[in-house]
Amino acid sequence: MTHPFTERCVLLTGAGGSIGSALAREIISHRPSSLVLLDHSEGNLHQIDTELSDLPGGAARSAILGNIADEALLAEIFEERKPEVIIHAAAYKHVPLMEWNAIAAVCNNALGTNLLAKVARACGAATLVMVSTDKAVNPHSVMGASKRVAELALLRWSSPASPMRAVRLGNVVGSQGSVVPRFQKQIAEGGPVTVTHPDVNRYFLHMEEAVELVLLAARTNGEGGIYIPDPGKPLRIVDLAKQLIKQSGRAREDEIPVVITGLRPGDKLTEEFISNYESLGTLNSMTRQRLALIKSPQPASAEFDSAMAALEKSVDRRDLGSVLDGLRRLVPEYQPSGVVLESRKEQQSSSL
């Protein structure tokens, strides 16, 4: 069976990020006719572009500096390059930072994904696969809510001719912002190691696993939708910290203290892969039982389009209150953090 990337034009968004660059290396190994690398970070894009230039098949790449929310740029890419497969890894993902930059998160993660999916379907792309997150389930953060809207956008624009799939992943070890490198740095500096809450836990997977699951979704036949892996058991972050201290080779584990700092804005104690509104669907035989398609509710197309149009106007006006209302309209289970609600009050007060 021919690999879906072989002799095809592949568009990879967020190509310079930690997950994006790992995906780029794997995609180029399957000899696409061309690989279009799209990223808004000049430094990250230059780094992966330079790295791929030394790999077999690297001559087939092209690097484009830009944002997925740029409609004119996307139109140009699809008209000139005609990508058949889109791997969508571009996202603002750092939870506390996005609580302070809610409009940017919504513009990039929600509106940008909706635009990308809409253009991909209109141009007849063969498939689109998005890297999603467990934080999209019952979100407490703007990042999570914006990624849930991105999932809904894929459900909206997916069709039998252009199936679109989201793959929910947990915390990827080694990705930018991952807690493991932070802990290792704190240990190397003699501590303390900072943990937000004694009971907080997360699902973890290695970068190789994350890449494999995303590319597996691209090879899957059949319908689009939201896919989840077997998440395994969550790991308590305080146990992870103690484990890393022990592995560091210190004579005694208590040489480096673990300090509890409190949950950050938008954080949850534990993440989930399926909400109360969703149910486990079927395992696709093509995925070798690695991914399960879930049944997830979605608004009617006209309702979704109307809500997205209103959300876009709110973003254009930089009206945080309306943006939050728009997110709640699309994701009723979203529970905004105190930081976001306070920012909303401050903006409303300043406008009086």
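What follows is calculated from the coordinates using simple rules that are stated; it is not laboratory data. Computed from a prediction, not measured in an experiment: that's the story for all the values here. All Cβ positions, glycine included, derive from the backbone under ideal geometry; neighbour counts span all protein chains shown.
Calculate, axis by axis, the spread of Cα positions in segment 311-352 along the three principal axes, and write the results as whole Å, longest axis first.
29, 24, 11
Of the peptides 26-35, 99-108, how do they stack up when ordered by the mean number of other Cβ atoms within 10 Å, highest first?
Ranking, from highest mean packing down: 99-108, 26-35.
What share of the DSSP beta bridges in segment 179-315 is antiparallel, in percent to the nearest 5?
The antiparallel proportion sits near 75 percent.
Name the most mobile residue of S141, S178, S21, meaning the one with the largest mean-square fluctuation, in a Gaussian network model of the chain with Cα contacts below 10 Å.
Result for the chain, Cα springs under 10 Å: S178 fluctuates most.
Please list, by residue number, every one of the GluC sites (Glu not before Pro) in segment 191-251 that is coil in DSSP and has at most 16 other beta-carbon atoms within 10 Å.
E223
Relative contact order of the chain: what whole-number percent is it, with Cα pairs under 8 angstrom and at least 6 residues apart?
The value is 16 percent.
Given the -39500 (n - 2.57) contribution per DSSP H run of 4+ residues, what per-residue ellipticity at 222 nm results for the chain, rounded to the nearest 500 deg cm²/dmol?
The per-residue figure over the chain is -12500 deg cm²/dmol.
Which order do the peptides 311-322, 181-192 come out in when sorted by mean C-beta neighbours inside 10 angstrom, highest first?
Most protected by this proxy first, the peptides run 311-322, 181-192.
At a 10 Å Cβ-Cβ cut-off, how would you order V129, V214, fewest neighbours first?
V214, V129
Would you kindly derive the ³J(HN,Hα) couplings of segment 136-145 from the backbone phi angles with the Karplus curve 6.51 cos²θ - 1.76 cosθ + 1.60 (θ = phi - 60°), listing them in order in whole Hz, with x for Gly and Pro?
6, 8, 6, x, 10, 10, 4, 4, x, 5
Taking θ as phi - 60°, what are the ³J(HN,Hα) couplings along segment 104-119 by the Karplus curve (6.51, -1.76, 1.60), each to the nearest whole Hz, with x for Gly and Pro?
5, 4, 5, 4, 6, 6, 8, 5, x, 5, 4, 5, 4, 5, 5, 5
Sum up the charges of everything whose Cβ sits under 15 Å from the Cβ of A75, counting Lys and Arg as +1 and Asp and Glu as -1, but leave A75 out.
Once all neighbours under 15 Å are counted, the net charge is -1.
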